[in-house]
Every structure is written in C-alpha cells, then in structure tokens.
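Right, one structure below, let's go through it.
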Amino acid sequence: MPESRTPFSMSRGIPEQGAPASQAGQGGPLPSGKQPAPTAAQESGVGTDRRHFLKLVGAAAVAGAGGIASLGVLQEVKASQVLAEATGPGKRWALVIDVHKIATQEDYQAIIDACHRFHNVPVIAEPKHQVKWIWTEDYSHTFPGLASPYAPPELQSKPFLVLCNHCDNPPCVRVCPVKATFKREDGIVMQDMHRCIGCKFCMVACPYGARSYNWLPPRDFLPQINPDFPPRTTGVVEKCTLCYEQLAQGLPPLCVEASKGALVFGDLNDPGSPVRAAIASHYTIRRATDLGTEPHIFYIV
Amino acid sequence: MLHKALKGSNKYWGFLAILAGIVVVGVLAWLREHALGSGPTSGLSRDVPWGLHIGQLTFFVGVAASAVMVVLPYYLHDYKEFSRITVIGEFLAVAAVVVSMLSVFSIMGQPARVFYVLLHPTPNSIIFWDMIVLSTYLGLNFLCGWVVLSAERQGMPAPKWLKPFIYWAIFWAPSIHMVTAFLYAGLPGKHHWMTALQAVHFLATAFAAGPALLIVISMIIKKVSHFDPGSKAIRKLAEISLYALALHLFFIGLEFFTAFYSQSPGHMHTLEYLYVGLDGHRDMVPIVWASSALALVGLVLLAVPGTRKKESTLTVGCLAIFFSIWLDKGFAFVASGFVPNAFDRITDYRPDWNELLVAAGVWAVGVMVFTLLCKMAIAVKEEAIFDQQGQRQVR
C-alpha cells in the first residue's frame, strides 16, 4: 500500500519524521540547520536557488497557461525538469485537518508559530492590519451558512485552523494582473512577492479572506528574522504557499510537521495516500464549496 | 494651439496656482503613505482592502464614458445643437480618465512595478483590460477633441480621416465602463457586486452624473467667458441626465426586489448594512440616505419643466445628481461590497485624512488638465465667433 515514489510518502509518519522541525517551531532556534548552507545572495533576502526555482516554476506556469512567450519556450524543458524533481508528476496536494486531534490552545499555537516564524510573518497587534498565513476561527465563522446552533457543543467551541484553500479554480489567480499569483500543476496557489504590484485585487477576489497585504513595514514587526526565507516589503500581498520550499526537499509543510498528526498532507491523485484515506474514512467538509472554487483544505468534523 | 491656454487673467493663474498647491499636498500625502505604509494612513484593512480611490476610479470612468452622450447624438444623429459642446465633453472625458488612472495608480503598494502589467500581459485579469481601454479612450478623446478644435480654429470642417476615430471613441465609451463593472461583477462570494445588472447600472449612473457635471461646467463657462455652449444643448443634456437618473433609481429597486423577495442573506445583508445598518454597524447609513435625498431633489428639479428650464434651479438639480451618485458609486458601493466578509463579520471603513488629501491631489490634477484644455477650446471658440452651423456662439 505505501509506495515510495518520492520522499513524500514519508509524510505518513508525520509525528516521528517531523519532530525536529516542530521543536524548532515551538520557539526554539529557527530550523535553519535543515537547509543547505545560505548563499551570498541571501543578503537581499532571497536564496539564489529559491529565486531560480521560483522563476522556473513561474515560466512553467506561463507556458502551461498557453501564453507561450519565446522566453517560456526556452525555459520550458528546464522548468519542467525542476518541477518533476521537486514535486513529482501528476500530483495534487491537499490538506486534511482533523479538528478533534488538536486539543489545547498550545497545540494550535505551535502549528501557527511553526509556519509564521519560519516564513517571517510579522506579529502585528492591530487586527485590521495583521498578516496571517494560518490562524484560527470559530466554527460558525469558518462555515457561515453551514453552522447550526444545534451542532455538537464541542464543535461550536472548537477553533478551526484556516489558511489558503489552494483552490482548483482560484479567483485570486484569475484577477491578478501580473501573474504574481499563479497555480502550480500540483495544485499549490503560489504567491511571488517580488512580482506583486500591491493592487490588492486578489484580496478582493479571495472568498476565504486568506490573503494579507503588508499595510505596515513587516521588518518592524519581526522579533527575529529567519535568514532562510525572504522577509517581505511594505505594499505586497502574501499568503500560505503550502511550504513549497519544504516540498522541494521532500518534506511536508511545517504546519503538518508541528501538528502531531492532526494535519494530514498528501497527494489526492494517489489512491493510497494518507489524505485519500482520511477523506474516505471520515465525513469531511470544506469552506464555501458553492462558489465553484474547489477548495483543497478538508476538515474532519 | 496650446499657447492659448497660457494667456489668461490673474484670476485664471491664481486658480491654477491653487490647484498646483493641492497637487503638491496630494503628492506629499502619497509619499507619506509610502513611507509609513498604508496601515496608519489609509483607513483600509485586510477586510476592506479597497476604498475611496477605487470608488473614484469607478465614478470617474463613468464621467469619462458619458462624453458619448454628446458625441453620439452629434456625429451619429447629426444633432447640431451639440456641435459647440462636443469638444468640451471630450476634454472632460480626458480629464476624467486622468483622474481614474491616477486613482488606481495611487493604491498600488509597489508603484515602481506597475509597468509589470504591460511586461506580463494577463488577459484573464480585468485590471489588464482596464488599463488598455482607459489609455485608449484617453488617446481617442484627446485626438478627436484636438483635431476638431484645430479645424474650427482654421475655419475648416473637421478632416475626413478623423471619422473612424470618432466612431471608435463612440463604441469604446460604454466598453470602458463595462470593463469597470466587470472588476466587480465576476467575483464569487461578493453578492452585492456580482449582479449581471452591474454594467448597465454603471452606465445609467454614468449618464446621469456625467451630463449633470457637463451642465454645471457649461454654467461656469457662461459666467467666466463669452462662449455660450447653447441653451438648447443644456436642456437636452438635462433630459438625458433625468432619464438616466430615473433608470438608476429603478435599478436600485430591482436589486431590492431580488434580495428581499428571495430572502437570500448574501444579497440582503449588504443592502441592510447600507440603508438601515447591520449588527449595529451604521457608518454607511447617513451617506446612503444623503445620496437618496439628493437623488430625489435632482429628480424633481429636472423632471418639473419649470425648474428644468430655469438655469439656477437646473444647476442645483445637477449638483444634487452629481453628488448623489458620487456618494453612492464613488464611495459607499466599494466599501459596502466587503460587508459581510468571508467570515461573516463586519469591518467598517472610514478613509483616513491622508487618504482624502491624496484624493484631493488627484482631483486637482484632473481639474487642472480640464481647465487648460477648456481654456484653449474657449479661446478658439471666442475667436471663431460663429459655430459650425453658422450660429453665433459668442455673447
């Protein structure tokens, strides 16, 4: 049943495999040790490898979208190679959140911190200007229109993790005028903060409120800066990128690592994957499915 | 021909100097926003990421599109009464497009990257099309206005080669406002915006507010110069504005029926937020009722023949229509579209004073562009004495 096409199937053994990273996420030293040695280009906040990777992925997306510019053709072969190496062909990543397995407030915070600390997400007190990649909402606000006052009390009092839904049909990608946000073949809705012009149309279009604009200079709100991920500048939009940088190394997303098994990550196209097993064996719901966006974050309630 | 805009009284130069001062203040406020971030300087939030400036874009694209209400009757239906005022309408469109484009530029978090829109053309994005249709419309109106005015200056009819450009501008005018409506009308989950009626509703408000503004401008022109735009033209514009306003109010009624007869929460909530307040949030209520009251004043003053024909009451009516639609479409429409948000919560929006200063700077640029172009047109018309129909156009 378990097939080991890529190192990714390891995500089945999440608690064990992810232990070092989750420690780091809980306030310890930043997990820079996992990464290759930092390059000189990281002065500017971007690793050369990552930038190269992102560029190629972008080119592949452009070519895939049918806009085969001459540049796209030149880079197409190389880009697809990189993609194949990084993520494997024919994948469709998804996340299943088992809300019953997250017990305490500390457990939630550990998951959020693992993401926010690694990705240099600024810590802003004013709710109107917060930057959030993954955070919690209550049941009735996560699923407006779906929540019933007669639902189990446990459900009603439970926080729900919310993040980008990595939609199959993302409105944010449709409206972006510069392809700063684009969908990868493996389903990740990417955000290139170096391309973003800050028009905020994607925030307007996202029906999940999953996108954050840098209303304030983010570096002023970072207690410590992780040199392995570029901090952003004022005036760009950012969001969860499903830890593409982790996936490129064959590791699951940081939130999954830090979740002690409550978050299941894997390939929906693989019938033997843990996400397929979780969805097949539990009743799951998704946010606002009536909008035709095909969200890919599933909740076991 | 431009030199004609450089000859004027002290009052004229004083007016331009005041405008230049407001532009400087606006630029400083914009720089302040970029130094501090838009958090403390805009009043916007993660729940309401678009506000005043996008409202200005929406409203002034409408004003620009409404130039077609003088261009089309004059060129397609040979409605001669509009011959004097057509150039003024086209130059108003130029200024309105400038205001629209600057408004949308001023919201960009990374203004230095705006050229990416051309470098990475993305046809599935409505902003990409907005940029194309607006810059094209700007060029078309400037070209048509300039060439026709040059011909008038030389006492010649407009050259034949201009015809295709005039027809192009005529069918382009509604398209610029349709594209603006498409910014809103295709977003899943934004129930207040996502209505197929949006594009025609935008055109109705545009054809009410635009001609109303053109009438007010004509009154000012009559006061400050010897050029007479023509009372028949003004009366026809008043009729156009009246019918468009009536359509706008009718469309509001249609939205109410759909929302409240269906009892669909997504459709009802925003209307409740606007007109009576929702969950104690009543910020928009006075604005929307002020807009409604002004619309009613405009409707009565323009519908009753006595007040429509009298210049003073007509001007009051037109100002009422202009500000009614500005409050509604230029302000309330955008911010209320975010209520409730994706989590069924309400976040109010109040523009920061810094935001108002930026908008004032953008307005001042628009008024300046229009003043210069209009001054030039008036100078030509005053010299020509007779219009294309051989009627005296100078008092």
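The values are calculated or read from the model by the stated rules, or taken from the named source; none is laboratory data. Worth saying up front: this structure is predicted, and the values here are computed from it rather than measured. Positions of Cβ are backbone-derived with ideal geometry, glycine not excepted, and every protein chain shown enters the neighbour counts.
Okay, here's what the table says:
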{"read-out": "Complete set of residues in segment B:8-26 that are crowded, with 17+ Cβ neighbours inside 10 Å and either among the hydroxyl-bearing types (Ser, Thr, Tyr) or within 12 Å of residue B:354 (Cα to Cα) (or both)", "value": "B:26"}
{"read-out": "Single residue of A:240, A:196 found to be of a type in the set (A, V, I, L, M, F, W, C), part of a loop (DSSP other than H, G, I, E, B), more than 10 Å from chain B (Cβ to nearest Cβ) and touching a residue at least 12 places away in the same chain (Cβ under 8 Å)", "value": "A:240"}
{"read-out": "Which numbered condition residue B:81 fails, given (1) touching a residue at least 12 places away in the same chain (Cβ under 8 Å); (2) outside any helix (DSSP H, G or I); (3) among the charged types (D, E, K, R)", "value": "(2)"}
{"read-out": "Close pairs (8 angstrom Cβ cut-off, 6 or more residues apart or separate chains): on the phi < 0 side of the Ramachandran plot and within 13 Å of chain A (Cβ to nearest Cβ) in segment B:126-138, surrounded by fewer than 20 Cβ atoms within 10 Å (Cβ to Cβ) and outside any helix (DSSP H, G or I) anywhere", "value": "B:126/B:186; B:128/B:121; B:129/B:123"}
{"read-out": "Selection within segment B:329-350 - crowded, with 20+ Cβ neighbours inside 10 Å and of a type outside the set (Gly, Ala, Ser)", "value": "B:329, B:331, B:333, B:334, B:338, B:339, B:340, B:349"}
{"read-out": "Residues located in segment B:109-155, provided they are in contact with a Pro (Cβ under 8 Å, 6 or more places away or on another chain), of a type in the set (Gly, Ala, Ser) and not in a helix (DSSP H, G or I)", "value": "B:125"}
{"read-out": "Unique residue being closer than 25 Å to residue A:131 by Cα and surrounded by fewer than 21 Cβ atoms within 10 Å (Cβ to Cβ) when the list is B:40, B:49", "value": "B:40"}
{"read-out": "Unmet requirement for residue B:376, which otherwise passes all of (1) buried (at least 20 other Cβ atoms within 10 Å of the Cβ); (2) more than 22 Å from residue B:74 (Cβ to Cβ)", "value": "(2)"}
{"read-out": "Members of segment A:199-237 found to be under 18 Å from residue A:172 (Cβ atoms) and not in a loop (DSSP other than H, G, I, E, B), listed by number", "value": "A:201, A:202, A:203, A:204, A:205, A:212, A:213, A:237"}
{"read-out": "Qualifying residue in segment B:160-170 (condition: within 30 Å of residue B:271 (Cβ to Cβ) and part of a helix (DSSP H, G or I))", "value": "no"}
{"read-out": "Among (1) more than 30 Å from residue B:381 (Cα to Cα); (2) surrounded by 13 or more Cβ atoms within 10 Å (Cβ to Cβ) - the single one residue B:5 does not satisfy", "value": "(1)"}
{"read-out": "Criterion: buried (at least 23 other Cβ atoms within 10 Å of the Cβ), more than 10 Å from chain B (Cβ to nearest Cβ) and assigned to a helix (DSSP H, G or I) - qualifying residue of A:264, A:256", "value": "A:256"}
{"read-out": "Selected residue [part of a helix (DSSP H, G or I), within 23 Å of the chain's Cα centre (by Cα) and on the phi < 0 side of the Ramachandran plot] from B:70, B:48", "value": "B:70"}
{"read-out": "Some residue of segment B:192-200 being in contact (Cβ under 8 Å) with a residue 40 or more places away in the chain, in a helix (DSSP H, G or I) and surrounded by 22 or more Cβ atoms within 10 Å (Cβ to Cβ)", "value": "no"}
{"read-out": "Residue within segment B:47-56 that is touching a residue at least 40 places away in the same chain (Cβ under 8 Å) and farther than 30 Å from residue A:209 by Cβ present", "value": "no"}
{"read-out": "Test set (1) at pLDDT below 95; (2) within 30 Å of residue B:75 (Cβ to Cβ) - residue B:169 fails condition number", "value": "(1)"}
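Residue by residue, here is whether (1) modelled with pLDDT of 95 or more; (2) within 14 Å of chain A (Cβ to nearest Cβ); (3) buried (at least 18 other Cβ atoms within 10 Å of the Cβ); (4) farther than 23 Å from residue B:66 by Cα holds:
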residue: B:244; (1), (2), (3), (4): yes, no, yes, no
residue: B:247; (1), (2), (3), (4): yes, no, no, no
residue: B:261; (1), (2), (3), (4): yes, no, no, yes
residue: B:292; (1), (2), (3), (4): yes, no, no, no
